[in-house]
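Engineer: This is the structure I want to talk about, given as C-alpha cells.
The values are calculated or read from the model by the stated rules, or taken from the named source; none is laboratory data. None of these values were measured; they are calculated from a predicted model. All Cβ positions, even for glycine, are placed from backbone atoms using ideal geometry, and neighbour counts span all protein chains on display.
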Amino acid sequence: MRKKNIGVGFSLLAFVLALSACGSSSNHAHEGNMGSLTSSPSATVSASNAESLYKSNCMSCHGATLQGKIGPSLNKVGGKLSQEQIAAKIQNGGGGMPSFKTLKEADIESLSEWLAAKKQ
C-alpha cells in the first residue's frame, strides 16, 4: 500500500511540475534571438507570426532560444524532421508533448515551416 501511495505522489508531483513549466511564459530575456527565415516582406511576416506562435505555445517548454527546457532543443530540428513531421508532432503531440489541435492549420503550417528551417 505504501509503494502505491509513493508512486501516486511522484506521478502527481511530475504532473504539477510539467504543468507549471509549460504554463509559464515570463522569460522574455532572449526574445529577439530566434531570427527570421529571410528578409523578404512576406517571409518576414510569416517568420514574425511563427515566432509569435512559438512564444505563446512552445517557449515555456522548449526555451526562449529553442535551447530546450522540459522539451528537447529545437535549434536543429529541421535537420532531423521534415516540415510534415514537425506539423504532425505539433498537431498530435506525443512523447510527453501535448497536442495543439486547437491551433489553426495555417498557424501549424507557419510554425512547422519556420522550425523546419532550423537546421544549423
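Engineer: Filter the stretch 89-111 for residues that are assigned to a helix (DSSP H, G or I) and touching a Leu at 6+ places or on another chain (Cβ under 9 Å); which is surrounded by the most Cβ atoms within 10 Å (Cβ to Cβ)?
Structural biologist: Residue satisfying both the conditions and the ranking: 111.
Yes or no, residue by residue, for (1) modelled with pLDDT of 80 or more; (2) within 21 Å of residue 91 (Cβ to Cβ); (3) among the hydroxyl-bearing types (Ser, Thr, Tyr):
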| residue | (1), (2), (3) |
| --- | --- |
| 24 | no, no, yes |
| 29 | no, no, no |
| 32 | no, no, no |
| 39 | no, no, yes |
| 45 | no, no, no |
| 48 | yes, no, yes |
| 58 | yes, yes, no |
| 71 | yes, yes, no |
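Engineer: Residue by residue through the stretch 79-94, note down the ones that are over 12 Å from residue 111 (Cα atoms) and under 13 Å from the mean Cα position of the chain (by Cα).
Structural biologist: 92, 93, 94
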